[in-house]
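As structure tokens, the structure follows; a few thoughts come after it.
The values are calculated or read from the model by the stated rules, or taken from the named source; none is laboratory data. These numbers come from a predicted model, not from an experiment. Backbone-built Cβ (ideal geometry, glycine too); neighbour counts: all protein chains shown. For the accessible areas, the whole protein counts, side chains as well, though only heavy atoms, and no ligand, DNA or RNA atoms are used. Shrake-Rupley method; radii C 1.70, N 1.55, O 1.52, S 1.80 Å.
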Amino acid sequence: MTFGATLRDRALDRGARTGAEPVWRRTPTAVLGTVAGVVVLGAGLLAGRADVAAFGVPLLLSGTWSGRPGAPRGDAPDRPTAATVVSPEEPTAPGEIRATVRLDPPSGAGLVVLRAAAPGHESTDLVVAADRAEIVLRSATVRTGPQPTFVVDLRGYGPGGTTAEDPVRAAGATRLVLPTAVPLGRVPLPPRMRGLTGPHTSRRLGAGDELRDVHPFTPGDRLRRIDWRTTARRSPDLDELSVRRTYATAEATTMLVVDSRDDVGPDLRTWRGQGEQRVDEATSLDLARQAAASVARAVVDAGDRVGLQDLGRRRRPLPPAAGRRHLRRILHGLAMTSPLGSPARRLRPPQLPADAVVFLFSTVLDDEPVVLARTWREQGHRVVLVDTLPALRPVTEPHMQIAWRVTSMEREDRLRQLVAEGTPVVPWRATERTRAAARFEALVKASERHHSAHVHRAQVAGGAV
């Protein structure tokens, strides 16, 4: 897929607006050559030096010949340099963005001067011979989502540099950078499973591998479930059969809720829209995309279903599903999350599937994540909050120090309130990111101990053997 407009079309449009104005013009080099030739030739004639005057003749002829009428249609090129910026069709991963500049100079051009620039990088100048060429551009970035790419300014020069075309520009379209997933291992599961089959053991009776109890045979029990050893021990005359009952298998449903209402970086000065975010520093939304992609990959690898909900946009959520193809849809949806104007207050929380575990990715800079987590817990969902605020750089301005101190104190109060209400908080920033897998594993083991204790109480109450 070719991105950017063709420079030839732009030049033709500009020529149409200015009438018969030529695309190629004389440069100061031709004028200086003519002036230098006249000066050297005159000085040689006045001094009576034929050898000095001979040096001025080539300079004078060269400048006069290049500036003669009809030169742009004669020795100089008769069309502008055509160039396009080509990028790969598929979305890329963070780390490096690539594009290719394809040049098509006219036959009479001598060389082409290019200046390539990318957001957050210094511009690069390059001089290439006037020939069909492909130049590969690369830029490093840790940002995700829609990212601007390259802007290339170029200018072609004729033979000897006496003519040059008007500067033209080619810009690549915005690239979609997908988040990369970090291996996590196991992640917390919902308190109740859904479906009739899956990789997990539910609390319902059904076909499975985990024994629940041994129960007298009742109508509807399958004959292959008869436990003959227990039957022989309990009823030697086979008056009463005993069957082994198991827990049914089911699958877990996970909902990823991304709070994309704000996108803040490590520099407090950029929080109010002043200045640009650095491409070598991940923002809160970049961390949220990476954390959500990591959880989604762990869920899909376990054979469960995962869905996506964006708090910053009022649109239909991505429903839960399983499989690698659905994981690619999740990654694409995460890359498309972005702030959209001023965040609007929700009258009610988004509706989520029943018996789902909710992973809320937020910076917790206001009270809405606390309200949402409390509401979902009251509805029976298990909620895990992933703190995506990046590590901030210290500031020297006194007013910003005071403002951040107040904001951070309010934020810490919200986090403590969430933990006190039973919502675990998992930080996801520079150093804490490497410990996220261990924290999730600790939550899983705590849930397993609670589930084992509940099953044991149920077996004791039911008189299982």
Inset, instruction - Return the residue satisfying two criteria in turn: it lies in the range 176-219 and is at pLDDT below 70 and acidic (Asp, Glu), and of such residues it is farthest from Val383 (Cα to Cα). - result: Asp209
Inset, instruction - Could you grab me the full set of residues in the range 375-407 that are under 20 Å from Leu285 (Cα atoms), in contact with a Leu (Cβ under 9 Å, 6 or more places away or on another chain) and not basic (Lys, Arg)? - result: Val383, Val384, Leu385, Val386, Asp387, Thr388, Leu389, Pro390, Leu392, Trp404, Thr407
Inset, instruction - Would you confirm whether any residue within the range 338-354 is on the phi < 0 side of the Ramachandran plot, out of contact with any Phe, Trp or Tyr (no Cβ under 8 Å at 6 or more places or on another chain) and crowded, with 19+ Cβ neighbours inside 10 Å? - result: no
Inset, instruction - Could you check how many residues of the range 76-114 are of a type in the set (D, E, K, R) and within 30 Å of Met336 (Cα to Cα)? - result: 5
Legend entry - Subset of the range 232-271 [among the acidic types (Asp, Glu) and modelled with pLDDT under 80]: Asp237, Asp239, Glu251
Inset, instruction - Check Leu365 against each of (1) over 25 Å from Leu189 (Cα atoms); (2) at pLDDT below 90 and name the one condition it does not meet. - result: (2)
Legend entry - the range 289-298, residues that are touching a Pro at 6+ places or on another chain (Cβ under 9 Å) and open to solvent by less than 20 Å² (accessible area, probe 1.4 Å): Arg289, Ala291, Ala292, Ala293, Ser294, Ala298
Legend entry - Matching residues in the range 305-325 - criterion: being surrounded by 19 or more Cβ atoms within 10 Å (Cβ to Cβ), in contact (Cβ under 8 Å) with a residue 24 or more places away in the chain and within 18 Å of Ser294 (Cβ to Cβ): Arg305, Val306, Gly307, Leu308, Gln309, Asp310, Pro320
Inset, instruction - Considering only the range 427-448, state which residues are in a helix (DSSP H, G or I) and of a type in the set (Gly, Ala, Ser). - result: Ala436, Ala437, Ala438, Ala442, Ala446, Ser447
Inset, instruction - Among what's in the range 163-191 and is of a type in the set (S, T, N, Q) and open to solvent by 20 Å² or more (accessible area, probe 1.4 Å), pick the residue that is farthest from Val86 (Cα to Cα). - result: Thr180
Inset, instruction - Only one of these is surrounded by fewer than 20 Cβ atoms within 10 Å (Cβ to Cβ), more than 25 Å from Asp366 (Cβ to Cβ) and of a type in the set (S, T, N, Q): Ser235, Ser242. Name it. - result: Ser235
Inset, instruction - Could you pull out every one of the strands (runs of 3 or more DSSP E) wholly within the range 72-189 that has 1 or more residues that are under 27 Å from Val295 (Cα atoms) and in contact (Cβ under 8 Å) with a residue 12 or more places away in the chain? - result: 95-104, 133-141, 145-147, 175-177
Legend entry - Single residue of the range 420-444 satisfying the filter (more than 17 Å from Val295 (Cα to Cα) and open to solvent by 50 Å² or more (accessible area, probe 1.4 Å)) that is modelled with the lowest pLDDT: Ala430
Inset, instruction - Mind telling me which of the residues Leu340, Leu308, Leu389, Leu352 ends up being assigned to a loop (DSSP other than H, G, I, E, B) and over 19 Å from Gly273 (Cα atoms)? - result: Leu352
Inset, instruction - Answer yes or no as to whether Val152 is under 19 Å from Leu103 (Cα atoms), within 25 Å of the chain's Cα centre (by Cα) and of a type outside the set (Gly, Ala, Ser). - result: yes
